[in-house]
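See below for the structure under consideration.
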Amino acid sequence: MNINVVVNILLFIALIVLIFFSYVYPKWNLKRNAKVVDNGEFARLIPVSQLIDIREANQFRVKHILGARNISSSQIEQSLNAISKNKPVLIYENAKPTAAAKVAKQLKKSGVPEIYVLKGGLTKWEGKTKAGV
């Protein structure tokens, strides 16, 4: 077999692996650890759940869903003790749930049985928000 053919095959395999780990795996991981829900279901769950904005504090201060508390995705591991294992957890970020998959996995591993992620994030939220500075 020609060396160029072998190199092209290896590059193609590497590309497939890269696509899988950057696109398919995070979505699969999110669905494995949480349920992605629309505005209506998310709003219905707020009164009986813990609502957590997983964006950074500066984004939270600008605007967040009314009643949410801020635990950024980078601080979630250190804050697991502050999250009840007896109530569902609702999480959201801006639009695409990029950090939500990681956060949902950490919450599930810590014993939170029900985790929900807002489809479309704050960008698509139609309910009440609080604007800050």
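Observations on the model:
- Accessible area of region 33-133 divided out per residue, in Å², using a probe of 1.4 angstrom: 54
- Computing FRET efficiency as 1/(1 + (r/R0)^6) for Q75 and K128, where r is the C-beta to C-beta distance and R0 is 30 Å, gives about 0.75.
- Over the chain: helical MRE at 222 nm, DSSP H runs n ≥ 4 each giving -39500 (n - 2.57), nearest 500: -11500 deg cm²/dmol
- Proximity of backbone amide H atoms, modeled 1.01 Å from N, is registered between L90 and Q50, L51, I52, Y116 at under 5 Å, excluding neighbours fewer than 5 places apart on the same chain.
- Rounded percent of accessible protein surface that carbon and sulfur make up, the chain, 1.4 Å probe: 60
- For region 11-133, alpha-carbon Rg and Dmax in angstrom: 14.8, 50
- Considering only the chain, percent of DSSP beta bridges that pair antiparallel, nearest 5: 20
- Karplus-derived 3J(HN,Hα), 6.51/-1.76/1.60, for each residue of region 115-120, Hz, glycine and proline x: 10, 10, 10, 6, 5, x
The values are calculated or read from the model by the stated rules, or taken from the named source; none is laboratory data. The shown structure was predicted, so the numbers you read here are calculated from the model rather than taken from an experiment. We place every Cβ from the backbone using ideal geometry, glycine too, and count neighbours over all the protein chains shown. Surface accessibility is based on the protein's heavy atoms, side chains included, excluding ligands, DNA and RNA. Shrake-Rupley method; radii C 1.70, N 1.55, O 1.52, S 1.80 Å.
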